[in-house]
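K.L.:
I have a structure I would like to understand better, so I am pasting it below and will then ask my questions one at a time.
The values are calculated or read from the model by the stated rules, or taken from the named source; none is laboratory data. All values derive from a computational prediction rather than experimental measurement. Using ideal geometry, Cβ is built from the backbone for each residue, glycine included, and neighbour counts are taken over all protein chains shown. Just the protein is used for accessible areas: all its heavy atoms, side chains included, with ligands, DNA and RNA removed. Shrake-Rupley method; radii C 1.70, N 1.55, O 1.52, S 1.80 Å.
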Amino acid sequence: MPEKTVGAIRQAESKDADRCGDIAVLAWQRVFDAWEKLVGPVIFAQHYDNWREAKRAEVVGLVREYPERAIVTEVDGEVVSFLTFYLPGTPGVGEIGNNAVHPDAQGQGIGERQCRRALDIFRQMGLTSATVYTGLDEGHAPARAQYRKAGFRLSTPHIRYFVEL
Ligand SMILES: CC(C)(COP(=O)(O)OP(=O)(O)OC[C@H]1O[C@@H](n2cnc3c(N)ncnc32)[C@H](O)[C@@H]1OP(=O)(O)O)[C@@H](O)C(=O)NCCC(=O)NCCS
């Protein structure tokens, strides 16, 4: 029996940009909720108060300007997720950038398959390794799970400190 998959992955088009921005804002809510709990309201307000506008602008800009460096998944003719990628400049390396799945479509393996597709694209480009940056917070737990499922195993942990003055 072939594996049952949800949705079809295709290269993004500029016209997908606004929809990807909408998905980003809905999906990243869990990440920023987690960060607010970690850093408290004062630091959160100072650093992340405008996260919705900033994340939307980043994702819309990337998909609109560089659709050839983004893929989306469609379910029943509607885009439910996206992934952007780029070449960071280190020879042979591809990097996964922003990626998110609409909350209504999460938990069905869509995120994992998008990551696998990005790795396939990197292989077809002749690249020899791939990287992605993510968080160690609870909000990023599904992201870490999807990357591990897609084959990422090696990592360097990072931390970002804050202090109120
Ligand atoms: C990360 C994201 C794209 C994953 O999309 P998805 O389609 O739900 O991913 P998948 O279904 O392929 O896999 C998600 C995995 O996370 C796991 N997961 C969900 N919640 C979890 C939690 N709280 N703790 C640990 N694992 C969790 C799921 O169980 C699943 O793994 P499984 O198949 O082994 O059960 C989606 O959660 C999202 O949009 N998150 C917000 C944006 C984000 O964090 N983007 C990545 C930035 S680096």
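K.L.:
From the list GLN106, GLN124, GLN46, which residue is among the polar types (S, T, N, Q) and closer than 30 Å to VAL163 by Cα?
P.N.:
GLN46 is the lone residue from the list that is among the polar types (S, T, N, Q) and closer than 30 Å to VAL163 by Cα.
For (1) within 16 Å of the ligand (Cβ to nearest atom); (2) open to solvent by 70 Å² or more (accessible area, probe 1.4 Å); (3) among the β-branched types (Val, Ile, Thr); (4) touching a residue at least 24 places away in the same chain (Cβ under 8 Å), each residue gets a yes or a no:
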| site | (1), (2), (3), (4) |
| --- | --- |
| ALA8 | yes, no, no, yes |
| GLN11 | no, yes, no, yes |
| ALA24 | yes, no, no, yes |
| PHE32 | yes, no, no, yes |
| VAL39 | no, no, yes, yes |
| GLU58 | yes, yes, no, yes |
| SER81 | yes, no, no, yes |
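K.L.:
Now, a different point. Within the stretch 111-165, how many residues are more than 8 Å from the ligand (Cβ to nearest atom) and of a type in the set (S, T, N, Q)?
P.N.:
Number of matching residues: 6.
K.L.:
I would also like to ask the following. Within the set of pairs 6+ apart or on separate chains, which have a first residue in the stretch 89-110 that is within 9 Å of the ligand (Cβ to nearest atom), a second that is at pLDDT below 95, and C-beta atoms under 8 Å apart?
P.N.:
Taking only residues 6 or more apart or on different chains, the pairs are ALA105/VAL6; ALA105/GLY7; GLN108/VAL6; GLY109/THR5; GLY109/VAL6; ILE110/VAL6; ILE110/GLY7.
K.L.:
Kindly provide the set of residues from the stretch 142-165 that are aliphatic (A, V, I, L, M) and either over 19 Å from ALA45 (Cα atoms) or surrounded by 10 or more Cβ atoms within 10 Å (Cβ to Cβ) (or both), ordered by number.
P.N.:
If the condition is that a residue be aliphatic (A, V, I, L, M) and either over 19 Å from ALA45 (Cα atoms) or surrounded by 10 or more Cβ atoms within 10 Å (Cβ to Cβ) (or both), then ALA143, ALA145, ALA150, LEU154, ILE159 are the ones that fit.
K.L.:
So how many residues does the stretch 35-75 have that are closer than 19 Å to ILE23 by Cα and either polar (S, T, N, Q) or modelled with pLDDT under 95 (or both)?
P.N.:
2
K.L.:
Within the stretch 92-109, how many residues turn out to be over 23 Å from GLU58 (Cα atoms) and either of a type in the set (A, V, I, L, M) or part of a helix (DSSP H, G or I) (or both)? Can you show your working first?
P.N.:
Initially, the stretch 92-109 is screened for residues over 23 Å from GLU58 (Cα atoms), giving 92, 107-109.
Narrowing further to those that are either of a type in the set (A, V, I, L, M) or part of a helix (DSSP H, G or I) (or both): none.
Residues in the stretch 92-109 being over 23 Å from GLU58 (Cα atoms) and either of a type in the set (A, V, I, L, M) or part of a helix (DSSP H, G or I) (or both): 0 in total.
K.L.:
Continuing with this model, one more query. For the stretch 120-130, does any single residue satisfy the condition of being closer than 19 Å to PHE32 by Cα and touching a residue at least 12 places away in the same chain (Cβ under 8 Å)?
P.N.:
For the stretch 120-130, residues closer than 19 Å to PHE32 by Cα and touching a residue at least 12 places away in the same chain (Cβ under 8 Å): absent.
K.L.:
Same structure, new question: For the stretch 92-109, give me each residue that is closer than 18 Å to ALA8 by Cβ and within 12 Å of the chain's Cα centre (by Cα).
P.N.:
ASN99, ALA100, VAL101, HIS102 - these are the residues of the stretch 92-109 that are closer than 18 Å to ALA8 by Cβ and within 12 Å of the chain's Cα centre (by Cα).
K.L.:
Would it be correct to say that VAL72 is more than 8 Å from the ligand (Cβ to nearest atom), part of a helix (DSSP H, G or I) and either among the aromatic types (Phe, Trp, Tyr) or under 13 Å from the mean Cα position of the chain (by Cα) (or both)? It would help to see each step written out before you state the result.
P.N.:
Numbers: more than 8 Å from the ligand (Cβ to nearest atom): yes; part of a helix (DSSP H, G or I): no; either among the aromatic types (Phe, Trp, Tyr) or under 13 Å from the mean Cα position of the chain (by Cα) (or both): yes.
Answer is no for this residue.
K.L.:
Which of the residues that make up the stretch 115-130 are under 15 Å from GLU68 (Cα atoms), in a helix (DSSP H, G or I) and open to solvent by 70 Å² or more (accessible area, probe 1.4 Å)?
P.N.:
Result: ARG117, GLN124.
K.L.:
Right, GLU112: modelled with pLDDT of 95 or more, among the charged types (D, E, K, R), assigned to a strand (DSSP E or B) and under 15 Å from the mean Cα position of the chain (by Cα) or not?
P.N.:
Spelling it out, it is not the case that GLU112 is modelled with pLDDT of 95 or more, among the charged types (D, E, K, R), assigned to a strand (DSSP E or B) and under 15 Å from the mean Cα position of the chain (by Cα).
K.L.:
Only one residue in TYR86, TYR48 is free of Cβ contacts under 8 Å to residues at least 24 places away in the same chain and touching a Lys or Arg at 6+ places or on another chain (Cβ under 7 Å), so which one is that?
P.N.:
TYR86
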